[in-house]
1. Residue under question is residue 190, and the condition is that it be surrounded by 18 or more Cβ atoms within 10 Å (Cβ to Cβ), touching a residue at least 24 places away in the same chain (Cβ under 8 Å) and in contact with a helix residue (DSSP H, G or I) (Cβ under 7 Å, 6 or more places away or on another chain); does it hold?
2. Here is a check on your reading of the model: is residue 104 within 23 Å of the chain's Cα centre (by Cα), surrounded by 13 or more Cβ atoms within 10 Å (Cβ to Cβ), part of a strand (DSSP E or B) and not assigned by TED's automatic domain parsing to the domain that holds residue 173?
3. Would you kindly identify the strands (runs of 3 or more DSSP E) lying entirely within the range 145-197 that contain at least 1 residues that are under 20 Å from residue 16 (Cα atoms) and in contact with a strand residue (DSSP E or B) (Cβ under 8 Å, 6 or more places away or on another chain)?
4. Taking the range 271-288, which residues are in contact (Cβ under 8 Å) with a residue 24 or more places away in the chain and out of contact with any helix residue (DSSP H, G or I) (no Cβ under 6 Å at 6 or more places or on another chain)?
5. Tell me, which residue of the range 58-76 that is exposed (fewer than 13 other Cβ atoms within 10 Å of the Cβ) and touching a strand residue (DSSP E or B) at 6+ places or on another chain (Cβ under 8 Å) is farthest from residue 87 (Cα to Cα)?
6. Could you figure out which of (1) part of a strand (DSSP E or B); (2) under 30 Å from residue 29 (Cβ atoms) isn't true of residue 208?
7. For residue 55, all conditions in the list (1) surrounded by 14 or more Cβ atoms within 10 Å (Cβ to Cβ); (2) in a strand (DSSP E or B); (3) under 21 Å from the mean Cα position of the chain (by Cα) hold save one; what is the number of the exception?
């Protein structure tokens, strides 16, 4: 499949995969958004590995070659836990002048902070070690929120199958995502494209709550298709559980890309989370999904 999409959000997923019978770490970027044709999409991007760069702090004449003690220090880095590969050096300019710089590939992005801290205590300069992994996709690939992609469709909303559908798991996903299509691709198959008007779906909502009891009394929402301009209005009354379940049913049915409203980050969303925790007691994760299952990630 070939297409274009506007990216709304992204995250990475760490797992293990088998290559030639050997277990290897795998890091897949999940990009969520909407295509230019109006389909919501999750892009499973392979090929970007977590890494950072290091350079020694000491000074020497580059024309004299690499001192043996630096070679020994690099071997120590290569033997550190969670380090997969060390490549280089490549001469780059730093704030201390020209220095040989090595690239350090690690198993997973969450290993970077501890390794970065350890290497700094061992008198290494660390570069590009504090960039969130998903941000590296945009920086290294020189892309923005509008991208063109080519890949294999591994799931469609209309398809039948369990949440742990095999095709999605093999493609590096965690399960069936709440989107119209799920596509597996390599990072080389993703590129920047000219900006275009993305037909996002916008969900705007508001709660009325009790000051005394902190309960949700009623709610209202507006869903707008930015492609067609069509709007739908919704009202929610009844018991608190019925109101929360109604909001969740609307979110799941309309599949919004953007959820907004006045001060929702500081009030409405935290209040929904708090009330869900109260109402779901002794009912398990199914109750959480029913009351506040607004995400596109698989419900496992």
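The values are calculated or read from the model by the stated rules, or taken from the named source; none is laboratory data. None of the values given here were measured: they were computed from a predicted structure. So basically every Cβ, Gly included, is an ideal-geometry build from the backbone, and we count neighbours across all protein chains shown.
1. Working: surrounded by 18 or more Cβ atoms within 10 Å (Cβ to Cβ): yes; touching a residue at least 24 places away in the same chain (Cβ under 8 Å): yes; in contact with a helix residue (DSSP H, G or I) (Cβ under 7 Å, 6 or more places away or on another chain): yes.
Judged against the criteria, residue 190 is a match.
2. Values: within 23 Å of the chain's Cα centre (by Cα): yes; surrounded by 13 or more Cβ atoms within 10 Å (Cβ to Cβ): yes; part of a strand (DSSP E or B): yes; not assigned by TED's automatic domain parsing to the domain that holds residue 173: yes.
Taking the combined requirement at face value, the residue satisfies it.
3. Values: elements: 146-150, 152-156, 181-186, 190-192.
By residue number, 152-156, 181-186.
4. The initial filter retains those residues of the range 271-288 that are in contact (Cβ under 8 Å) with a residue 24 or more places away in the chain, namely 271-272, 274-276, 279.
Of everything in the range 271-288, those that are in contact (Cβ under 8 Å) with a residue 24 or more places away in the chain and out of contact with any helix residue (DSSP H, G or I) (no Cβ under 6 Å at 6 or more places or on another chain) turn out to be 271, 274, 275.
5. 59
6. (2)
7. (3)
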